[in-house]
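> Dropping a structure here in structure tokens format, bear with me for questions.
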Amino acid sequence: MPDAGAAGSASDAVDVLVAGYASIDVAFRASAPPQAGATATLQGPVAPAWRCGGCGPGAAAALARAGCRVGLITWLGDDGEGRACLQAWTDAGIDRRGVVVASSQASPRSFLFYDPAGSATCYYHPSGSATLRLNAAGRDLLAGARALAVTVGPAALTEELLAARRSDQPLAWNVKADADAFPLAIRRRLVQEAAVICLNRDELPFVAAALSSSAPGEVDERALITAIVHGGGGFVVVTAGAAGCRVASPGGMVVVPANPVQVADPTGAGDAFFGAFVAAWLGDAEAAGAAAAAARYVTAFLQERAAGETET
């Protein structure tokens, strides 16, 4: 499977290398959550427009918008949607030397169904993306990158990235509660090695489960956050939508407010927050300031999304 070519020469180093699944996203609004044996009505456009999605590309786009030189490791099929995503990433200034394009295969798909309460059910077809590994182009990008950002992707790829990462290369982890992508052994290593761990409050037990037996079980949110911080010693950023986020470190914990935006489809907001946080943090912002910058970025991200929903 060939890589997708370069946005620059092989000697160009990036500030951050981001790895994770890509997908072609289609979001629907449903009258009720999916339930076996029941029928729900889909609302809005009969055939909603698709967009380039996935945790890796979402974080990379936020980093690029913040002015970082960013490389991306991900997998696409050689179809019209995949080619359009490649062009969009090039236009955004993302180095796509690490993108693998598989001939005669379709790009991964995500179908998201939002119920009236705003909760989403996602059906994901990975196509051939589980075969993604660290190829020569990806190794070159990693060798020259200032930092590595890991999002949800094949476990074997994440293991390769962690094994090849330089000891002086900061690591940031964008959590998704996917045990196939992040089995316990990988979670333990990420908790120990990551300088930044970004997750939402529902993912706290998933990360805390990777800690030692002395870690708290089903206890309060603050105790779980504290246990994760003590497990590694870096920054732990826990997002809670309109309630803002908590930023914790061995030095303490602060709450950073959000500016809520009404939007039917907030898909990708967490990835955007992660990318914007890492960009500000690498730009020497202190953690609370980086979280505030990320919150402002997500507000603009969602306002742009809401404007698009109004147009359709």
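The values are calculated or read from the model by the stated rules, or taken from the named source; none is laboratory data. Everything numeric in this text was worked out from a predicted model, so none of it was measured. As a convention, Cβ positions derive from the backbone with ideal geometry for all residues, glycine included, and neighbour counts pool all protein chains shown. Just so you know, the surface numbers come from the protein's heavy atoms only, side chains and all, with ligands and any DNA or RNA stripped out. Shrake-Rupley method; radii C 1.70, N 1.55, O 1.52, S 1.80 Å.
> In the range 240-299, which chymotrypsin sites (Phe, Trp or Tyr not before Pro) fall in coil by DSSP and have 15 or fewer other Cβ atoms within 10 Å?
Of the chymotrypsin sites (Phe, Trp or Tyr not before Pro), not one in the loops of the range 240-299 has a Cβ with at most 15 other Cβ atoms within 10 Å.
> Also, I was wondering about something else. At a probe size of 1.4 Å, how large is the accessible area of GLU309, to the nearest 10 Å²?
50
> Next up: Counting heavy atoms of the protein chains only and a 1.4 Å probe, report the per residue accessible area for the chain as a whole number of Å².
Per residue, the chain has an accessible area of 44 Å².
> Show me the ranking of peptides 90-96, 37-43 by mean Cβ neighbours inside 10 Å, starting with the highest.
Ranking, from highest mean packing down: 90-96, 37-43.
> Further question: Percent of accessible area on the range 87-206 owned by carbon and sulfur, 1.4 Å probe?
It is 52 percent, rounded to a whole number.
> If you don't mind, another one. Using a 1.4 Å probe on the protein heavy atoms only, what accessible surface does SER167 show? Give it in Å² to the nearest 10.
About 120 Å², ignoring ligands and nucleic acids.
> Name every cysteine in the chain that ends up alone, with no second cysteine's Cβ under 4.7 Å, or say none.
CYS55, CYS68, CYS122, CYS198, CYS245
> Oh, and also: Where both residues lie in the chain, what percent of DSSP beta bridges are antiparallel, nearest 5?
40
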